[in-house]
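Chemist: Structure incoming, see below.
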Amino acid sequence: MKYLIILLPILAIIACRKEVKLKLPEASSKPVVFAYISPDDTIIKVKVTRSMPLFEPFNEANFEPQRNAKVLLSNSVKEVQLAFNSSTGNYEIKTEEFAIDYGMTYKLKVTLQNGQTAEGETRVPSKAAKINHARYSLRTINTSTILNVFVSYDDDPSTANYYNLFVSSIDTIGLDTLYRGIDEREFSPSPEVQGGEQKLMLGLYDSVSVKRAIGFDCYLLNCSKDYYLFYKSVYSYSGGSPFSEPMPMYSNIVNGFGVFAAYASDKKRIMK
Amino acid sequence: MKSQLVLAFLVLGLVSCMFSQERNFTLSGYIKEKSSKEDLPGAVIYAPVLKISASTNSYGFYSLSLPAGDSVTLYLQYTGYTTRKIQIVLNKNTRMDFELQPVQLDEVDIIANENKKVSEQVQMSAIEIPVDQIKAIPALLGEKDVLKVIQLLPGVQKGSEGNAGIYVRGGGPDQNLIILDDAPIYNANHLFGFFSVFNGDALKSVELIKGGFPARYGGRLSSVIDLQMKDGNKERLHGEGGIGLLSSRLSLEGPIIKNKCSFVISGRRTYIDALIYPFLKANNKFGYYFYDLNGKINYDINPKNRLFIGGYFGRDKFHSRFRSDDYEDKSGLAWGNASYTLRWNHIFGPKLFSNLSIIYSSYDMHIGANQKFSGENFELSYRSGIRDQGLKYDLSYSPNSRHFIRFGLNIIRHRFQPQAIVMKSSLSLENKASNPPAIVLFENALYFEDEISVNDALKVNAGIRLSNMLVDDEFKVNPEPRLAARYLLKNDFSIKASFATMNQFVHLLSNTGAGLPTDLWVPSTKNIKPQNSKQVALGAAKDFSKHGLSLTVEAYYKWMNNILHYKEGASFMSIDNSSDANGVSWQNNVTSGKGNSYGAEVFLQKKTGKFTGWIGYTLSWTWLKFDSLNFGNPFPARYDRRHDISVVVMYKFNDRVSLSGTWVYGTGNAITIPVSTYLVDHHVPGSNVNANPYPISVEDFGEKNGFRMTPYHRMDIGVQFTKKRARYERTWEFSIYNLYSRMNPYYYYTEYDSKQRKNKLMQVSLFPLIPSITWSFKF
């Protein structure tokens, strides 16, 4: 692709651009739902926004959290309605009010104020994978710092598992975890692995928080398949390159976009 | 399977009964061009009273059975050559070589009605393109291009603006068997697909077959493009060349031993890199060039044995180097084909001719990058390639005037190395290297076909090809029945029908459709089944002999199975698992599906006279369906084109001035465009974190290939001024590509208009009106 990037400016020298005057496809605004549930979290959060038809005038309100939606979360025995939290922009409920259990299936139903309804379903992995060992390395090159974090864990060969590794730095300001911006190169969901000890590595590059961190929290997520497929499509997203076939984003939200996914996690802290 | 067996028995039955024919004598030999002694493949020798005829094969050899003792009038015809009439009485099997000479301009009207008749040929969906016409048709930057001329034929679509990619009856670019002197050419493109690798000066003949495939051809689903290189002038040294805006070319041919051994060598190179290099800063250098070289030696050992050694070698290279005090970036992309063929023609007797070819063909692509900064470095090396070694043995046998039998075998050893990658970085603790073992695939075939004159009106070509793939201990024989029939309703009007089953064991993975060198050739494996197709075609052919015109109308339906495609979002550099070098695997990134294509084609052609050219029209539909693409729903192929029209005209005023022009129209490509957008929040584990500072904006795409680009149309014109000097002939050619500067779409993208606060769909067009000038000569 690098060569295409070189080729494009060359083409641009001789190429001409103009607006296409054709009847463009029409699209309607749809609910956009993001929800990740886990038995290891204390709170369940659902974010609801709307999509925006691409060729219609830009309307920022579509990307804002939708306040007056009805958000219902259910399992086979119970259904609860989540309340809107205006400070976070999410619909929330504490897990002590509605428990998320390993191996269970959950349904989510979102109804917008205009009556549009979107639904999703996910299954929580049966257990978390324990981190056996975690280590890190730091290298400084000029003004940049490169952090590599490695974890090892045992995979359950009896089920198909999908893993993901996150790292947060522990800041000197306090022991509260600060979010370390994760970009797509650093995020490496692993496809199914087949038993035995596995290793994941995550590399972070050039960050103030890496330098001043006093340690790192490693989160190993055993994800639902929805989670894996969604992030695989997020990080394969080509952004509409004219030289590659566009990839539709994965979604398990019926009549909408986004994902309703689940995970189980283990955390290990490594100090500098 | 039942129908295939019935067909096989039919063929065998016909073979057994043909030996009961009455005893005739056989006239055989070569038909050659008079001055150069170049063989003329496809020349026709026929006896109108007896209503029997024969064509020369690829090597100019014919064999015709005639009744003993009678005086027979024979006509020898070849497009663009003066028809010869001879009287002959055969009292024994006779070897007789003939020579034809090109038509002089003052003869063109006289011989217009003596053209080879399309209505008489049993082969349908096939078009021969005279090399002289390829050279006469105006081209982008004056670069004559055989593949772009093929794009002007009905049933053939091009990919995008300026691109030499070929899509035949709904098939992908990998479904075309492009063979140069029996050797397959895997990447027929120079300059990222804008030009083809074939130098017209080195070519003798070009034939396109897009349906009703004879059993002697196999290995691809959609077409055969059979190119023959010149053998070389056996009489005298002859040369031709030219200087154009983009490249220059030179060809030499002549005798090594007069009338016995000849050579031809032809080369071409671009010089953009040499021209711009002095103007670049010392620290910022980049360039691009391509070259190709064709060579052949032809040796007549004796009247029964001939030897040919020929080859093609071509390469493209793009390279750049950018330097500053603490930074250096060197990168390059190179790709090229090489093919070599050793052929031995042997005449066993007047009825039996054989050719043995030993073939080598390879294609490779290499990407290299080396970046250094502050003492650290990053290296990338990516290689991909395919290498073939093959043996082909073809025999043709003419037992009598009613049968013409071809049979033979073909063995190819393909060696694939789709992806070999080395990435080294001093910044990373883990370097990555993936060099999976090469995959070896044997592709074998046995074939038998018989062209049978059942009676004066009905002629049939029935055949069977048994193709076989051997890979990963997988061994399977695929019977491929072939049938083509022609029924003459009148002397110059016939109806035709054909059926062909094809299998394809090699596949091209491409997610651009632009014919880029980064497209990967991959084999069928245990998990990836061979592509296969079935095609039926019905048609009619009419010759208007008085005007030298021929008209063909055909309808076809093609079913394709196991066609291969990248999964959505995958590309040649897809890495499944960034922590594992072996995560780079093409097999994990492909999906197979099926397709069907149907349509109708009309082709009106005038091959001889002062005024020549053709009009082609195609009406077609092409649908694809993959379980892993477009949520399993069928979608139109990108090159699904409802209407495609091409008009090609050439007019030769006299020996000094000739005009040519083309006009093409095609329905816009089917593409996928975004229809809405939304923000994606990344998940952040840990309950203390409740906001994502980096949401990304993504687009939702409408139906796959559900949007049509604006239609494509363009007119090119050219004029050639030729002057004959005492020792040489020179031609100035002035041509204009895209005469009315139509802004045809190359690609679309979306752009946000901050004034109107909405997105617009923007079109990028490549080539406005482009004039060019070429000076060429020959002696």
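The values are calculated or read from the model by the stated rules, or taken from the named source; none is laboratory data. Fair warning: this is a prediction, and the values are worked out from it, not measured in the lab. With ideal geometry, Cβ positions are generated from the backbone for all residues, glycine too; neighbour counts draw on all protein chains shown. Remember, those area values only see protein heavy atoms, side chains included, never the ligands or the DNA or RNA. Shrake-Rupley method; radii C 1.70, N 1.55, O 1.52, S 1.80 Å.
Chemist: Can A:ALA129 be described as within 14 Å of chain B (Cβ to nearest Cβ), not charged (D, E, K, R) and not in a loop (DSSP other than H, G, I, E, B)? First the steps, then the outcome.
Modeler: Details: within 14 Å of chain B (Cβ to nearest Cβ): yes; not charged (D, E, K, R): yes; not in a loop (DSSP other than H, G, I, E, B): no.
For A:ALA129, the condition - within 14 Å of chain B (Cβ to nearest Cβ), not charged (D, E, K, R) and not in a loop (DSSP other than H, G, I, E, B) - is not met.
Chemist: A further question follows. Residue by residue through region A:41-67, note down the ones that are more than 8 Å from chain B (Cβ to nearest Cβ), closer than 30 Å to A:ASP101 by Cα and either in a loop (DSSP other than H, G, I, E, B) or polar (S, T, N, Q) (or both).
Modeler: A:PRO65, A:GLN66, A:ARG67, listed by residue number.
Chemist: Then there's this: Please work out which residue is nearest to the other protein chains (Cβ to nearest Cβ), limiting yourself to region A:227-258 and to residues that are modelled with pLDDT of 75 or more and in contact with a helix residue (DSSP H, G or I) (Cβ under 9 Å, 6 or more places away or on another chain).
Modeler: A:MET247
Chemist: Among the residues of region A:17-38, which ones are farther than 19 Å from B:HIS682 by Cα and either assigned to a loop (DSSP other than H, G, I, E, B) or more than 7 Å from chain B (Cβ to nearest Cβ) (or both)? Working first, answer last.
Modeler: Initially, region A:17-38 is screened for residues farther than 19 Å from B:HIS682 by Cα, giving A:17-30.
Within region A:17-38, A:VAL20, A:LYS21, A:LEU22, A:LYS23, A:LEU24, A:PRO25, A:GLU26, A:ALA27, A:SER28, A:SER29, A:LYS30 qualify.
Chemist: Out of everything in region B:286-305 that is in contact with a His (Cβ under 8 Å, 6 or more places away or on another chain) and charged (D, E, K, R), what residue ends up being surrounded by the fewest Cβ atoms within 10 Å (Cβ to Cβ)?
Modeler: Checking each candidate, the answer is B:LYS304.
Chemist: Right, next: Which of the residues belonging to region B:306-349 are open to solvent by 40 Å² or more (accessible area, probe 1.4 Å) and not in a strand (DSSP E or B)?
Modeler: Across region B:306-349, the qualifying residues are B:ASP325, B:ASP326, B:PHE348.
Chemist: Would you mind finding the one in A:VAL46, A:VAL71 that is crowded, with 18+ Cβ neighbours inside 10 Å and under 24 Å from A:ASN222 (Cα atoms)?
Modeler: Values: A:VAL71 fails: under 24 Å from A:ASN222 (Cα atoms).
When all the criteria are applied, what remains is A:VAL46.
Chemist: Tell me the strands (runs of 3 or more DSSP E) entirely within region B:639-752 that contain at least 2 residues that are of a type in the set (Asp, Glu). I'd like the intermediate steps shown before the answer.
Modeler: Numbers: elements: B:643-652, B:657-666, B:674-680, B:696-701, B:712-724, B:729-737.
Here the list reads B:696-701, B:729-737.
Chemist: Additional query: Return a yes/no flag: does region A:184-205 have any residue that is within 21 Å of the chain's Cα centre (by Cα), at pLDDT 70 or above and not hydroxyl-bearing (Ser, Thr, Tyr).
Modeler: no
Chemist: Quick check on region B:731-749. Is at least one of its residues in contact with a Ser or Thr (Cβ under 8 Å, 6 or more places away or on another chain) and of a type in the set (Asp, Glu)?
Modeler: Yes, the conditions are met somewhere in region B:731-749.
Chemist: Looking at this structure, is A:TYR106 surrounded by 18 or more Cβ atoms within 10 Å (Cβ to Cβ), more than 22 Å from A:ASN68 (Cα to Cα) and hydroxyl-bearing (Ser, Thr, Tyr)?
Modeler: Values: surrounded by 18 or more Cβ atoms within 10 Å (Cβ to Cβ): yes; more than 22 Å from A:ASN68 (Cα to Cα): yes; hydroxyl-bearing (Ser, Thr, Tyr): yes.
So A:TYR106 fits the description; yes.
Chemist: Open to solvent by less than 60 Å² (accessible area, probe 1.4 Å) and more than 7 Å from chain A (Cβ to nearest Cβ): is that true of B:PRO711 in this structure? First the steps, then the outcome.
Modeler: Working: open to solvent by less than 60 Å² (accessible area, probe 1.4 Å): yes; more than 7 Å from chain A (Cβ to nearest Cβ): yes.
Yes.
Chemist: Let me ask something else. Give the residues of region B:749-766 that are open to solvent by 20 Å² or more (accessible area, probe 1.4 Å) and within 25 Å of B:MET709 (Cα to Cα), sorted by residue number.
Modeler: Of all residues in region B:749-766, those open to solvent by 20 Å² or more (accessible area, probe 1.4 Å) come to B:749-760.
Selection gives B:TYR749, B:THR750, B:GLU751, B:TYR752, B:ASP753, B:SER754, B:GLN756, B:ARG757, B:LYS758, B:ASN759, B:LYS760.
Chemist: Here's a follow-up. Name every residue in region B:171-200 that is part of a helix (DSSP H, G or I) and farther than 28 Å from B:TYR393 by Cα, in order of residue number.
Modeler: Looking only at region B:171-200, we keep the residues that are part of a helix (DSSP H, G or I), and these are B:173-175, B:191-193, B:200.
If the condition is that a residue be part of a helix (DSSP H, G or I) and farther than 28 Å from B:TYR393 by Cα, then B:LEU191, B:PHE192, B:GLY193 are the ones that fit.
Chemist: Follow-up. Restricting to region B:167-226, count the residues that are among the basic types (Lys, Arg) and at pLDDT below 90.
Modeler: Initially, region B:167-226 is screened for residues among the basic types (Lys, Arg), giving B:169, B:204, B:210, B:216, B:220.
Narrowing the set further to residues that are at pLDDT below 90 leaves B:204.
The total comes to 1.
Chemist: Looking at B:ASN377, B:ASN370, which one is closer than 29 Å to B:PHE290 by Cβ and of a type outside the set (Phe, Trp, Tyr)?
Modeler: Details: B:ASN377 fails: closer than 29 Å to B:PHE290 by Cβ.
Just a single option satisfies the conditions, and that option is B:ASN370.
Chemist: Then there's this: Regarding region A:134-149, can at least one residue be identified that is within 14 Å of chain B (Cβ to nearest Cβ), part of a loop (DSSP other than H, G, I, E, B) and either closer than 27 Å to A:LEU220 by Cβ or modelled with pLDDT under 90 (or both)? Lay out the reasoning, then the answer.
Modeler: Restricting attention to region A:134-149, the residues satisfying the condition of being within 14 Å of chain B (Cβ to nearest Cβ) are A:135-149.
Checking the rest, the ones that are also part of a loop (DSSP other than H, G, I, E, B) come to A:142-143.
Now restrict to residues that are either closer than 27 Å to A:LEU220 by Cβ or modelled with pLDDT under 90 (or both): A:142-143.
So far as region A:134-149 goes, yes, one or more of its residues are within 14 Å of chain B (Cβ to nearest Cβ), part of a loop (DSSP other than H, G, I, E, B) and either closer than 27 Å to A:LEU220 by Cβ or modelled with pLDDT under 90 (or both).
Chemist: So which of B:LYS778, B:LYS723, B:LYS755, B:LYS704 is charged (D, E, K, R) and touching a Ser or Thr at 6+ places or on another chain (Cβ under 6 Å)?
Modeler: Values: B:LYS778 fails: touching a Ser or Thr at 6+ places or on another chain (Cβ under 6 Å); B:LYS723 fails: touching a Ser or Thr at 6+ places or on another chain (Cβ under 6 Å); B:LYS755 fails: touching a Ser or Thr at 6+ places or on another chain (Cβ under 6 Å).
Only one candidate qualifies: B:LYS704.
Chemist: I would also like to ask the following. Only residues that are on the phi > 0 side of the Ramachandran plot, touching a residue at least 12 places away in the same chain (Cβ under 8 Å) and more than 20 Å from the chain's Cα centre (by Cα): list them for region A:74-127, please.
Modeler: Our first condition is that a residue be on the phi > 0 side of the Ramachandran plot; within region A:74-127, this holds for A:89, A:103, A:115.
Among the residues that remain, those that are also touching a residue at least 12 places away in the same chain (Cβ under 8 Å) are: A:89, A:103.
Listed by number, the list holds a single entry, A:GLY103.
Chemist: Now for a different question. For region B:370-421, how many residues meet the condition of being under 30 Å from B:ALA215 (Cα atoms), outside any strand (DSSP E or B) and open to solvent by 40 Å² or more (accessible area, probe 1.4 Å)?
Modeler: The first filter runs over region B:370-421 and keeps only residues under 30 Å from B:ALA215 (Cα atoms), leaving B:385-418.
Checking the rest, the ones that are also outside any strand (DSSP E or B) come to B:401-402.
Then keep just the ones that are open to solvent by 40 Å² or more (accessible area, probe 1.4 Å); that gives B:402.
Residues in region B:370-421 being under 30 Å from B:ALA215 (Cα atoms), outside any strand (DSSP E or B) and open to solvent by 40 Å² or more (accessible area, probe 1.4 Å): 1 in total.
Chemist: Return the residues of region B:201-227 that are in a strand (DSSP E or B), open to solvent by less than 10 Å² (accessible area, probe 1.4 Å) and under 12 Å from B:GLN123 (Cβ atoms); say none if nothing qualifies.
Modeler: Listed by number, the residues that qualify are B:LEU208, B:ILE209, B:VAL224.
Chemist: Next up: Taking the conditions exactly as written (on the phi > 0 side of the Ramachandran plot, surrounded by fewer than 17 Cβ atoms within 10 Å (Cβ to Cβ), modelled with pLDDT under 95 and over 27 Å from the mean Cα position of the chain (by Cα)), does B:ASP456 satisfy them or not?
Modeler: no
Chemist: Among (1) within 11 Å of another protein chain (Cβ to nearest Cβ); (2) touching a residue at least 60 places away in the same chain (Cβ under 8 Å), there is one condition B:SER741 misses while meeting the rest; what is its number?
Modeler: Result: B:SER741 passes all but (2).
Chemist: Here is a further query. Anything in region A:83-111 that is part of a loop (DSSP other than H, G, I, E, B) and away from chain B (no Cβ under 14 Å)? List them, or say none. Reasoning before the result, please.
Modeler: Start the filter on region A:83-111 by keeping residues that are part of a loop (DSSP other than H, G, I, E, B), which leaves A:86-89, A:95-104.
Selection gives A:GLU97, A:PHE98, A:ALA99, A:ASP101, A:TYR102, A:GLY103, A:MET104.
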